[in-house]
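Since the structure comes first, as structure tokens, the remarks are kept for the end.
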Amino acid sequence: MYDLILSSGFLAFARHVGVLRAVEERGLALDGITGTSSGALVGALWSAGLSSHDLEKLLTGLPPWRLLRLNPQPWRGLLHTAAFADFLRPHLPATFADLPRPLAVGVVDARGQHRLLTTGPLVAAVVASCAMPHVFAAVPVAGVHLADGGAADRLALGPWRQARPGRRAIAHQVQRSAGVDLPLDLTDVTLIQTPRSGASFLSLGDFAGQVAEAHGIAARALAALTVP
């Protein structure tokens, strides 16, 4: 079995969906998922039971601007995330414990320290992981204000290895548009790298085309992996 690690990437939902589709088609068994920002959102929804095709249908109909709200306290972040949380709630269970497989979500705290969340309220954790510092207000999760983990570690490969020692992983790294890429130890890790999404807050762009491109890249990278 493999763990799946999904990096941050600005609105890179389609890239992650394409990689998940290749994993599904290859018949690879996944045991746990670690995701940051867009990777946290896609990983959580997939963990909750949505297939890659379900995800494409759900997210294609989501112009990002529809979920943007000005923050009445803009010094804390120009936008707030309440509408985004409302969008996610019908599709995710209440807590991490309600998911059928382990999920970890990458966030940073107010001191810029990276954390992997694995317990507690799920929607708040995913929304916090997507809350780009300065653009969105930090999100309270179990009494602590947290934001996008990509600000400290976009892929969270090191924290994953500490949390899940001795595991094999498939890691998807979207080309950097913001955040921090740390040096990678790829021992027992199959790395898939895809281009930026090209999405914006106005439009996710050619979602199907992005999925197809990422699917092709991932399918080639996964061809040599053992299917249980």
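The values are calculated or read from the model by the stated rules, or taken from the named source; none is laboratory data. Note that the structure is predicted; figures quoted are calculated from it, not measured. Cβ atoms come from the backbone with ideal geometry, glycine included; neighbour counts cover every protein chain shown. Heads up: the accessible areas ignore ligands, DNA and RNA and are worked out on the full protein's heavy atoms, side chains in. Shrake-Rupley method; radii C 1.70, N 1.55, O 1.52, S 1.80 Å.
Taking the Cα atoms only, what angle lies between the long axis of helix 207-222 and the longest principal axis of the chain, rounded to 10 degrees?
With rounding to tens, the tilt is 40 degrees.
Can you sort Trp65, Trp46, Trp160, Trp75 by solvent-accessible area, 1.4 Å probe, largest first?
Trp75, Trp65, Trp46, Trp160
If you put +1 on each Lys and Arg Cβ and -1 on each Asp and Glu Cβ, how big is the dipole of the chain around its Cα centre, in Debye rounded to 20?
The dipole of the chain has a size of about 240 debye.
Evaluate Rg over Rh across the range 14-88, taking Cα atoms for both radii and Kirkwood's formula for Rh.
Expressed as Rg/Rh, it is 1.06.
Suppose every K and R has +1 on its Cβ and every D and E has -1 on its Cβ; what is the size of the dipole of the range 18-64 about the Cα centre, in Debye to the nearest 20?
The calculation lands at about 80 debye.
Which value, in Å² rounded to 10, gives the accessible area of Met132 with a 1.4 Å probe and all protein chains present?
Its heavy atoms expose roughly 50 Å² to the probe.
Roll a 1.4 Å probe over the protein heavy atoms and report the accessible area of Ser200 in Å², nearest 10.
Surface accessible to solvent at Ser200 totals approximately 50 Å².
Kindly give Rg over Rh for the range 154-228, based on alpha-carbon atoms, with the Kirkwood expression for the hydrodynamic radius.
Over the Cα atoms of the range 154-228, Rg/Rh equals 1.01.
Dipole magnitude of the range 134-225 about its Cα centre, charges +1 at Lys/Arg Cβ and -1 at Asp/Glu Cβ only, in debye to the nearest 20?
It works out to roughly 220 debye.
Count charges around Val126 for me, please; just the other residues with Cβ under 12 Å from its Cβ, Lys/Arg as +1, Asp/Glu as -1.
0
Quick check for you: which residues of the range 131-157 have the amide N under 17 Å from the point 7 Å beyond the Cα of Ala178 toward its beta carbon?
The answer is 131-139, 146-155.
Size of the range 75-147 along its principal axes in angstrom, Cα-based, largest extent first?
Cα extents, longest axis first: 38, 26, 17 Å.
May I ask which residue of Val105, Pro183, Ser200 lies farthest towards the positive end of the charge dipole of the range 86-228, with charges of +1 (Lys, Arg) and -1 (Asp, Glu) on Cβ and the Cα centre as origin?
Value computed over the given set: Pro183.
Can you tell me the 0 to 90 degree angle between the C-alpha axis of helix 13-26 and the longest principal axis of the chain, rounded to 10?
On a 0 to 90 degree scale, this one is about 30.
Using a probe radius of 1.4 Å on heavy atoms only, what accessible surface per residue do you get for the range 1-153? Whole Å² is fine.
Value returned for the range 1-153: 40 Å² of accessible area per residue.
Restricting to the chain, what percent of DSSP beta bridges are antiparallel, rounded to 5?
Bridges in the chain are about 35 percent antiparallel.
What does the convex hull of the Cα atoms come to per residue for the range 133-178, in Å³?
It comes to 98 Å³ per residue, whole-number rounded.
Can you give the three extents of the C-alpha atoms in the range 10-139 along their principal axes, from longest to shortest, in whole Å?
Taking the Cα atoms of the range 10-139, the three principal extents are 47, 30, 23 Å.
With the alpha-carbon atoms as the only input, what is the per residue convex hull volume for the chain in Å³?
Spelled out: Cα convex hull of the chain, divided by residues, is 109 Å³.
For the charge dipole of the chain, defined by +1 on Lys and Arg C-beta atoms and -1 on Asp and Glu C-beta atoms about the Cα centroid, which residue among Val126, Ile33, Leu225 has the Cα displaced farthest towards the positive pole?
Val126
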